[in-house]
Each structure stands twice: as structure tokens, then as C-alpha cells.
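To start, the structure under review is shown below, and the notes come after it.
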Amino acid sequence: MDKQYSTPSEIKSAIEARCPRCRTGLMFNSTLLSLKKSRMVEKCPACDLKFEKEPGYFYVAMYVSYVLVVAELVAACVATAVLSGGVESPWPYIVVAIAITFLLAPFNTRYSRVILLYWLTPQFKFNRKIFEKVKSEGY
Ligand SMILES: [Zn+2]
């Protein structure tokens, strides 16, 4: 008898950095806030999908990361201007921009790859059959 599994939401799976095909296996060996060095696993531990579909594929994630960094810097500089009452010295903006760049680097690295695999790689779509197979195997 087949058991029914509810489909995990795409956004929730992406935030948790789960495999885009089975939405079950984790793409990284540690959580975002863990002190352990975060590395991306080569294959999905649940469905065996190879994440780097061709050599150098994650160079494309640099462009996604660039968009994330620009958005973060614009938001940080606007917030600095608003919170400081429009100070004219460039130093508060430079300090905030450098701090934001370093603090959000792990986030940008992780989610640029997640965004690339979830929404910019058409081959990696959620597959209900693989999801149910992985779940029935007790993953
Ligand atoms: Zn998978």
C-alpha cells in the first residue's frame, strides 16, 4: 500500500537548501549558522542528483551572488543614510558596506547556489516520483 506524502513547498525547501529534485536531501554539510566549515555536498544524499551538472557550473552562481551583494549594499547604504540622518561623510557608508559584505558572505555563497539550482537550472525540477521513492526508502 502506497503511503501519501505531502509535497514540500518550493520556498521552504530552498530556504532549507534541500535538493531541488527530491526536496529531501540537504545540499550542504552544515547549517548556515553553524561554526563548522560549510561545504556543498557533491551529490544529493537522498536521490543521488549530482549538483554540479557540468564542470565549473557554479561559476554561474557568481552572477547570482553579485545581484545579491548589490541589493544588500544598496539596502545597507539606504538604511545607513536614514538612520544617521543623511550624514555626508563617506566613512559610515564604507564601514557598513565592508561589514555587510563580510557578514553576509556565507549567506550569499549558499543562496546564490540555491537560487541557481532552483530557479535558473531548468533540468533540476521537482520530481514527485523521485520524492515518493526517497520517502518510501525512509529518508
Ligand atoms: Zn535529491
query: Residues of the stretch 11-41 being of a type in the set (Lys, Arg), within 16 Å of the ligand (Cβ to nearest atom) and either loosely packed, with under 14 Cβ neighbours inside 10 Å or in contact (Cβ under 8 Å) with a residue 60 or more places away in the chain (or both), which ones?
result: Lys12, Arg21, Arg23
statement: Over the stretch 108-139, the set of residues modelled with pLDDT of 95 or more, more than 16 Å from the ligand (Cβ to nearest atom) and either among the hydrophobic types (A, V, I, L, M, F, W, C) or assigned to a loop (DSSP other than H, G, I, E, B) (or both) is Ile115, Trp119, Leu120
query: Looking only at the stretch 43-101, which residues are within 16 Å of the ligand (Cβ to nearest atom) and in a loop (DSSP other than H, G, I, E, B)?
result: Cys44, Pro45, Ala46, Cys47, Asp48, Leu49, Phe51, Glu52, Lys53
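The values are calculated or read from the model by the stated rules, or taken from the named source; none is laboratory data. Computed from a predicted structure; not experimentally measured. In this analysis, Cβ positions are derived from the backbone assuming ideal geometry, glycine residues included, and neighbour counts consider all displayed protein chains.
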